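Report on the structure given below.
The values are calculated or read from the model by the stated rules, or taken from the named source; none is laboratory data. Just so it is clear, the model here is predicted, and its values are computed rather than measured. Virtual Cβ from ideal backbone geometry, glycine too; neighbours counted across all protein chains shown.
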């Protein structure tokens, strides 16, 4: 249940960060909420680990939450202080690789197709942030739209359905359609957003 509450706020902070990337919120104002959620995503897995009684798969699942927590704390620090973001970008590459591992474990060990696909989407998102922040690619608008879509479809909606006890009643086939629709949207958005300027202050870039 704690993990589901955390996932709900993952959706919230992704929404805020999407607004930042799309130029609707300043990096410094978005930093505050990143700190809030980052601390939550560090405290929650610590509690889960301390109460796991040594269960390795519970600890493994909690470990994934740290990936989010340290990402948001790092984003908060960079945007609050104006520090260079290239280190954050390279951290995102590391997390993207680990997220692929979590995706495979969900597929192969837990038999959980829905969260296997969700972890795969998160890996793609973290990889985008590597390209944006680590390599300085001009992807802020595209990454903003991908982040906005994932805020709802990989964070807020699954968390809400989990909290009200309806997530397990969602057929895998329905989620496969949702996943395919997102892939199509991400492909279509790439050339469209390449021509769209950021309206306000851009997010912190590498260097």
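Summary of values
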read-out: Residue among 11, 63, 23 that is crowded, with 17+ Cβ neighbours inside 10 Å and in a helix (DSSP H, G or I); value: 11
read-out: Failed criterion for residue 48 (all others in (1) more than 17 Å from the chain's Cα centre (by Cα); (2) loosely packed, with under 15 Cβ neighbours inside 10 Å; (3) closer than 23 Å to residue 168 by Cβ hold); value: (2)
read-out: Odd one out for residue 168 among (1) touching a helix residue (DSSP H, G or I) at 6+ places or on another chain (Cβ under 6 Å); (2) not in a loop (DSSP other than H, G, I, E, B); value: (1)
read-out: Selection within segment 78-97 - part of a helix (DSSP H, G or I) and surrounded by 16 or more Cβ atoms within 10 Å (Cβ to Cβ); value: 78, 79, 80, 86, 88, 89, 91, 92, 93, 95, 96
read-out: Neighbours by Cβ (under 8 Å, 6+ apart or cross-chain): first from segment 21-35, modelled with pLDDT of 95 or more; second buried (at least 20 other Cβ atoms within 10 Å of the Cβ) and assigned to a loop (DSSP other than H, G, I, E, B); value: 21/203; 27/203; 27/204
read-out: Lone qualifier among 48, 43 - being in contact with a helix residue (DSSP H, G or I) (Cβ under 9 Å, 6 or more places away or on another chain), at pLDDT below 95 and in a helix (DSSP H, G or I); value: 48
read-out: Per-region count, segment 69-86, residues out of contact with any helix residue (DSSP H, G or I) (no Cβ under 7 Å at 6 or more places or on another chain) and in contact (Cβ under 8 Å) with a residue 40 or more places away in the chain; value: 3
read-out: Matching entry among 187, 146 (being modelled with pLDDT of 95 or more, surrounded by fewer than 19 Cβ atoms within 10 Å (Cβ to Cβ), assigned to a helix (DSSP H, G or I) and at negative phi); value: 187
read-out: Test result for residue 74, farther than 18 Å from residue 4 by Cα and in a helix (DSSP H, G or I); value: yes
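A quick yes/no check of all residues on (1) in contact (Cβ under 8 Å) with a residue 24 or more places away in the chain; (2) part of a helix (DSSP H, G or I); (3) on the phi < 0 side of the Ramachandran plot; (4) surrounded by fewer than 16 Cβ atoms within 10 Å (Cβ to Cβ):
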site	(1), (2), (3), (4)
54	no, no, no, yes
67	yes, yes, yes, no
106	no, yes, yes, no
130	yes, yes, yes, no
141	yes, yes, yes, no
